[in-house]
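To start, the structure under review is shown below, and the notes come after it.
The values are calculated or read from the model by the stated rules, or taken from the named source; none is laboratory data. Everything numeric here is computed off the predicted structure, so don't read it as measured data. For neighbour counting, all protein chains shown are included, and Cβ atoms are generated from backbone atoms with ideal geometry for every residue, glycine included. Just so you know, the surface numbers come from the protein's heavy atoms only, side chains and all, with ligands and any DNA or RNA stripped out. Shrake-Rupley method; radii C 1.70, N 1.55, O 1.52, S 1.80 Å.
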Amino acid sequence: MAYTAQTRYGAMESYSDDGAIPAVVESLIRELETEQFDEPDDEHFQIAIGHGDWALTVTVYGLMVLDDMRDIEGGNVGPELAKRAESREEAIALLTLMAKGQVEAVRAAGWVFRDQVPPFERALFRQP
């Protein structure tokens with residue numbers, strides 16, 4: 001089954017080749033790590049991978065949000081599930097699982113309601 005990637009600047013692309021997953025995920029993470037302007041771009045600060053009814057969004061701050069798109073499309077949006085990425089590697093691992101369609105493994109990654117996520121101490125993907 002295909003997955004969809006959304007770049008930092010909003011472009012969406014669908015992929016059907018699982019062999020491309022590592023390159024796609026690495027490219028998305030590099031977008032979070034690269035500022036195109038002298039001032040940090042706080043308007044474009046996230047990337048996402050969707051598979052089926054689920055989407056995983058990662059921000060430059062390391063906040064990750066897990067969405068069930070059926071809820072969003074149906075207008076029944078409940079509390080968002082979120083967690084703070086502890087490392088670049090954790091974000092890559094979860095994005096890779098999502099792209100592969102291993103949604104249950106992603107859902108088992110210790111999500112909490114967004115208002116329970118601790119504040120960020122530093123922007124994980126922004127260079128100091």
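Quick notes on this structure:
- Point-charge dipole on Cβ atoms (K/R +1, D/E -1) for the chain, about Cα centre, debye to 20: 340
- Within the listed set ASP18, ASP41, ASP67, the residue fluctuating most in the Gaussian network model of the chain (springs between alpha-carbon atoms under 10 angstrom) is ASP41.
- Farthest positive-ward along the chain dipole, Cα basis, beta-carbon charges - from THR4, GLN46, PHE113: PHE113
- Area of ARG126 that stays accessible when all protein chains are in place (1.4 Å probe, Å², to 10): 50
- The calculated FRET efficiency for the pair SER14 and ARG107, based on their C-beta separation and a Förster distance of 30 Å, comes to about 0.85.
- Heavy-atom accessible area ranking, 1.4 Å probe, most first, across GLU86, GLU104, GLU33, GLU121: GLU121, GLU86, GLU104, GLU33
- Panel values: segment 3-124, Kirkwood radius from alpha carbon pairs, Stokes-Einstein at 37 °C and 0.692 mPa s, translational diffusion coefficient 224 µm²/s.
- Solvent-accessible area per residue in segment 14-128 equals 57 Å², computed with a 1.4 angstrom probe and all protein chains kept.
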